[in-house]
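S.K.: There's a structure below that I have some questions on.
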Amino acid sequence: MLRTITTILALFSFSALFAEAYYVTGTVQSIEPVYSSTNIYTPETRCRNIKIPVYGKVVSGNGASGADVLGGMVVGALIGKALTNDNNAAGVGAVMGGVVAAEQQKTTTKVVGYNTEKRCEVVQVVSQQNAVESYRVIYSWNGFTGSSLTGRYYEIGSKIQIKVGLSLD
């Protein structure tokens, strides 16, 4: 009895190994494209105007007052006389002191205006595009209907090769 069961099991297990496949000619009944969405990156130049600050020296105040110039002349005359013990040098010192005092203006660097400048940059613009990924072919053979995905387009009614397999489950 055990020998009979073992023989039957062995026959059924080997039958799956001996599955057969045949190629037959079927007919295309319909075909449908299968789409997929793809991102397309396109470079695009975008420009804009920006304001660039212009820096310059700015004089603050209105210069030296009359008292400042007079004080500079007195100090210059005293220094010229003290250094040389000469009245001519005192006169030259007075003039120099007045000039130095008159030049005592404060200058600072500040924004004095703006220039408009065009700046451009390249950016990647993303757009989606639908593309055919494959085709679903519906075919028939000998009264059976099946479908498969393929990368090839077929005309309706055209003859195609179909792999048919037979096996015992």
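Laboratory data are not the source of any read-out in this text; all were calculated from the coordinates shown. All of these numbers come straight from a predicted model, not from anything done at the bench. Ideal geometry is used to build each Cβ from the backbone, glycine not excepted, and the neighbour counts take in all protein chains shown.
S.K.: Quick check: residue separation of residue 78 and residue 29 times 0.36 nm, minus the Cα distance between them. What number comes out in nm?
M.R.: Contour length minus Cα-Cα distance gives 5.8 nm.
S.K.: Sticking with this structure for a sec: Which value in nm describes the separation of the simple spin-label points at residue 120 and residue 135, placed 7 Å from the Cα toward the beta carbon?
M.R.: 4.5
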